[in-house]
1. Which of the residues spanning the stretch 39-74 are in contact with a Lys or Arg (Cβ under 7 Å, 6 or more places away or on another chain) and charged (D, E, K, R)?
2. Contact list please: Cβ distance under 8 Å, first residue in the stretch 6-20 and modelled with pLDDT of 95 or more, second residue of a type in the set (Lys, Arg) and assigned to a helix (DSSP H, G or I), pairs at least six apart or on different chains.
Amino acid sequence: MKEVTSMPGFWRMVAIMGVSFVSLFFIVKWILDGFSFEFFQRQDPVLLILGSIAAGFVYGFFVAYGRFKKQLKK
């Protein structure tokens with residue numbers, strides 16, 4: 001695991017994938033709510049932001065880990 005996480009560009013890919021995931025999640029949720037910001041007002045903003053950051057990090061880590069592990073095998 002350490003060899004994958006120490007590869008150049010790994011953490012950058014984690015950040016890019018995480019931000020992409022969170023952005024797409026909010027856009028899709030906004031569309032499904034009928035272009036209303038009610039979704040964002042119904043929840044505690046701190047929990048929403050922290051939860052989104054955590055979810056984005058987890059998603060980005062797993063996707064980047066899979067890609068870099070595949071590169072390492074080649």
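The values are calculated or read from the model by the stated rules, or taken from the named source; none is laboratory data. If you're wondering where the values come from, they're calculated on a predicted model, not measured in any experiment. No Cβ is skipped: glycine too gets one built from the backbone with ideal geometry, and neighbour counts run over all protein chains shown.
1. Just the residues of the stretch 39-74 that are in contact with a Lys or Arg (Cβ under 7 Å, 6 or more places away or on another chain), to begin with: 39.
Passing the criteria: none in range.
2. 13/67
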